[in-house]
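These notes concern the structure reproduced below.
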Amino acid sequence: MRAAAEDLKASQTNQLDDIRTRKIGERDANVAEGQNIKKRAQQALEEEKAAEQRRRENLAATNRLYAQSNKDNQAIRQLKLAAEAEEAAKIAEFAQLKEQQMNERRARADERFTAKLKRRQ
């Protein structure tokens, strides 16, 4: 009976050791899994932060590009306006010259006509 009790005690002790070992192993596995999850979450957060930083840098670069393009377009507009103003001034000058030439022709024609009338009288 004593031997049976000792065998039972040894058997129960072995079972408790096995359970303890299994529970410690599960706990260690759970801790390792938690650490892995935490590590993956931190990596995901860092990747997200890096992606956000890249997006902001790209947005800033695009904004700088748009600003430069706007400046270039404004300069081109100014050049076109200056060229149009210069062209308009040339056209006005040419129109004034033609009008002056026409007036001189009319004046000469009038002079000839009046001279012709004077000769006839």
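The values are calculated or read from the model by the stated rules, or taken from the named source; none is laboratory data. Here the structure is a predicted model, which means the values were calculated and not measured. Here Cβ is always computed from backbone atoms with ideal geometry, including for glycine, and neighbour counts include all displayed protein chains. We work out accessible area using only protein heavy atoms, side chains counted, and drop any ligands, DNA or RNA first. Shrake-Rupley method; radii C 1.70, N 1.55, O 1.52, S 1.80 Å.
Multiplying the sequence separation of residue 83 and residue 5 by 0.36 nm and subtracting their Cα-Cα distance, what value in nm do you get? Display every interim value, and only then the final one.
Details: separation 78, 0.36 × 78 = 28.08 nm, distance 11.40 nm.
Length gained between residue 83 and residue 5: 16.7 nm.
Enter the accessible area per residue of the chain (Å², integer; probe 1.4 Å; all protein chains in place). Show your work: numbers first, answer last.
Working: 11480 Å² over 121 residues.
Per residue, the chain has an accessible area of 95 Å².
Once R0 is set to 41 Å, what does the formula 1/(1 + (r/R0)^6) return for the Cβ-Cβ distance between residue 107 and residue 65, expressed as a FRET efficiency to the nearest 0.05?
Values: r = 62 Å, r/R0 = 1.51.
Efficiency for this residue pair is about 0.10.
At what distance in nm do the modelled label points of residue 52 and residue 13 sit from each other, each positioned 7 Å from its Cα along Cα→Cβ?
In this crude spin-label approximation the distance works out to 5.8 nm.
What are the extents of the Cα atoms of the chain along their three principal axes, in Å, largest first?
174, 15, 6
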